[in-house]
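The values are calculated or read from the model by the stated rules, or taken from the named source; none is laboratory data. What you see is a predicted model, and the numbers here were worked out from it, not measured in a lab. Cβ placement follows ideal geometry from the backbone for every residue including glycine, while neighbour counts extend to all protein chains displayed.
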Amino acid sequence: MTYCVGMMLERGLVLMSDTRTNSGVDNISTFRKMYHWEVPGERIIALMAAGNLATTQSVVSQLEERTKAPAERHNSLLQADTMFQVATIVGKLLQDTIAGQECENGHSAAGTFSASMIVAGQIKGMAPRLFLIYPEGNFIEGSFDTPFFQIGETKYGRPILIRGYDPKMTFEHAVKLLTVSFDSTLKANLSVGMPLDLLVIQRDRLKPLHERRIEADDPYFQAVSTRWGEALRQALYALPDYKLTGSP
């Protein structure tokens, strides 16, 4: 399992993913789940993946190959005219990859190779866009009615996103919000793990504004985790007390 979030702001896009993959409690590894491609000044495209590792690695490898010689290849991320076309390319490739793996391994493998992806980015002259791509290859687009997408282990980190999100928030506040969301998920589910990858895409910059890997001993992450726990306890104690029936 994994956890990835892509978020739309008026200022641009913020993406965060964990790096844990496991096939049992005694087989835990670290794999990157976030990738991006760019032509500085012309486009930036980011992808996050969750699901079967063989499937997601196959899709990413094929996308990498297509970007190495875009002038001679069709369907390159670096040739697509719009982000909608980019999402279509990724969706079709994901669908074909899953179908090929299931065919190779027999009908009993159906569902084993499932994966989902978040695609985000901007092409010059157009607005930043965010897409959630399903295993079947179809997708939906983010909007300010649906301003963020999650894939993987979504339930533990979702409440803080719903309560804290504001489209006008700064990138710094968005990173803080995502940090709390990931901290809550890490605390609740061992299948999500450090380090985390972070990518900030500013509108019309067309190259990463900020990119880094957050390790388990990162001072900022540790400070947010500790102070968020303390703030929750203080907020709980500050709420009105419940009166038990028959209590004085």
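What the table below lists for this structure:
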| read-out | value |
| --- | --- |
| Where ASN189 falls short, out of the listed (1) at pLDDT below 95; (2) buried (at least 21 other Cβ atoms within 10 Å of the Cβ); (3) over 20 Å from ARG213 (Cβ atoms) | (2) |
| Search result, residues across region 118-131 that are touching a residue at least 60 places away in the same chain (Cβ under 8 Å) and over 16 Å from MET8 (Cα atoms) | LYS124 |
| Residue within region 221-228 that is modelled with pLDDT of 95 or more and closer than 19 Å to ARG32 by Cβ present | yes |
| Any hit, region 146-153, residues being in contact with a Gly (Cβ under 6 Å, 6 or more places away or on another chain) and modelled with pLDDT of 95 or more | yes |
| Members of region 25-54 found to be part of a strand (DSSP E or B), out of contact with any Lys or Arg (no Cβ under 8 Å at 6 or more places or on another chain) and of a type outside the set (A, V, I, L, M, F, W, C), listed by number | TYR35, HIS36, GLY51 |
| Unmet criterion (only one of (1) touching an Asp or Glu at 6+ places or on another chain (Cβ under 7 Å); (2) at pLDDT 95 or above) for ILE160 | (1) |
| Enumeration of residues in region 30-56 that are modelled with pLDDT of 95 or more, hydroxyl-bearing (Ser, Thr, Tyr) and farther than 16 Å from TYR134 by Cα | TYR35 |
| Residue in region 84-91 that is of a type outside the set (Val, Ile, Thr), at pLDDT 95 or above and surrounded by 19 or more Cβ atoms within 10 Å (Cβ to Cβ) present | yes |
